[in-house]
1. Could you tell me how far the Cα centroid of region 319-372 sits from the Cα centroid of region 136-215, in Å?
2. Could you line up Asp170, Asp345 from fewest to most neighbouring Cβ atoms inside 10 Å?
3. Relative to the first principal axis of the alpha-carbon coordinates of the chain, what is the inclination of helix 8-20, with its axis defined by its Cα atoms, in degrees from 0 to 90 and to the nearest 10?
4. Taking the Cα atoms only, what angle lies between the long axis of helix 40-59 and the longest principal axis of the chain, rounded to 10 degrees?
5. Give the label of the value calculated from the structure for volume of the Cα convex hull per residue in Å³, choosing from (i) 139; (ii) 153; (iii) 123.
6. Can you give the FRET efficiency to the nearest 0.05 for Lys188 and Ser84, using r as the Cβ-Cβ distance and R₀ = 30 Å?
7. Given the pairs Lys176/Lys330; Lys80/Lys278; Lys129/Lys188, which span a C-alpha to C-alpha distance of over 26 angstrom in this model?
8. Quick one: work out the % antiparallel among DSSP beta bridges in the chain, nearest 5.
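Coordinate-derived values only; no laboratory data. Given the structure is predicted, the values throughout are model-derived calculations rather than measurements. FYI the Cβ positions are ideal-geometry reconstructions off the backbone, even for glycines, and counts take in every protein chain you see.
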Amino acid sequence: MRNILLSSAALAVISLGLAASPALAQVKIGVAGPLTGSNAAFGTQLQTGANLAVQDLNAAGGVLGQQITLIPIDDACDPKTAVSAANTLVSDGVVMVDGHFCSASSIPASKVYSDNGVLEISPASTNPKYTDEGSAFTFRTCGRDDQQGKVAAEYIAHHFKGLKIAVLDDNSTYGKGIADQVRLNLGKLGVPIAYNTSYTAGDKDYSALISRLKQAGIQLVYIGGYYSDSGLITREGAAQGFTPQYFSEDAAVTSALWQIAGPSAEGMLMTFPPPAEKGAAAAKAVAELTALKEDPTGYVLYSYATIQIWAEAVTKAHSTQPILVAQTLKADGPWPSVLGPVMFDAKGDVVNAAYAIYKWHDGNYAVYSLTP
């Protein structure tokens with residue numbers, strides 16, 4: 001059993017929870033993400049997966065004989081709003097949070113959950129700092145940017161030799177974090193970067209940026225940032241007759257990108273985990289989502305798995321107490337889920353997380369390559 005140091009506040013919360021647990025008629029959990037703002041498409045994915053997971057668990061009897069109540073909350077992918085949302089969920093008495101989406105939200109929110117003894121399992125926050133600087137209560141069901149960035153850099157090095165490369169980022173915790181990993185790994189592979197810059201997230205005019213890329217003779221553009229900006233960048237590029245190979249990351253894996261970019265995103269490559277929706281473990285959930293006319297791709301199944309794995313650990317621990325569930329998540333496993341078997345390391349990261357290369361074509365994205 002690992003030794004876990006807890007703050008006095010966390011110990012107090014745990015003690016109160018232990019005393020109160022026999023009287024609970026329900027178990028409260030939260031789902032936190034951007035339900036408004038430019039990244040709302042991802043918040044919708046998280047909520048869709050969470051809603052179905054709770055529905056399925058409650059139909060099967062809930063956890064430990066208690067029904068689960070899901071409390072959704074909007075953080076708008078904003079750090080200050082995320083902290084406020086985390087405090088609200090703590091006040092509401094949740095024992096676990098499925099979220100947040102943006103790393104810039106998850107990292108500060110995790111401090112609130114840790115101080116109050118609440119488990120946070122993010123299905124989407126990929127910045128390494130989230131778990132590197134996390135606590136006993138901090139987990140994720142997705143991979144890390146130091147893994148994702150390595151895959152992207154290796155693919156670029158192997159398949160686009162000799163091209164003039166630009167690496168852009170939106171200067172956010174997530175966007176700059178993943179772009180820096182691509183820069184680092186390209187450097188290790190001896191691949192020069194012809195143009196490095198940051199752009200302003202939420203800008204509506206990227207014409208000057210495109211002009212500079214054209215002037216530099218750039219042939220491949222890697223974008224570290226969210227789909228709302230990536231879509232506008234590719235669209236402005238097309239307007240100026242600039243048609244490089246675009247390469248991005250998991251934040252571009254949403255139909256909302258094509259809604260913004262249209263055909264200018266044709267051929268864009270992206271890193272994202274292998275398609276969970278194609279696996280046998282996800283078949284039942286995918287059928288349910290299809291019947292509900294919901295798209296099972298993106299982070300929907302990652303959100304579903306977050307709650308599913310938590311429920312498995314609750315059953316194993318014979319308790320909903322966050323610290324006991326956290327200890328069980330790390331001590332046991334692999335945990336069955338719609339993603340397949342999932343196992344956590346000492347930091348709360350997924351063991352052996354994998355990435356594939358996806359490609360946009362004619363308004364849809366699909367796996368293009370399973371290896372760099």
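1. Their Cα centres are 23 Å away from one another.
2. Asp345, Asp170
3. 50 degrees
4. Relative to the chain, helix 40-59 is tipped by roughly 30 degrees.
5. (iii)
6. It comes out at approximately 0.15.
7. Over 26 Å Cα-Cα: Lys176/Lys330; Lys80/Lys278.
8. 25 percent
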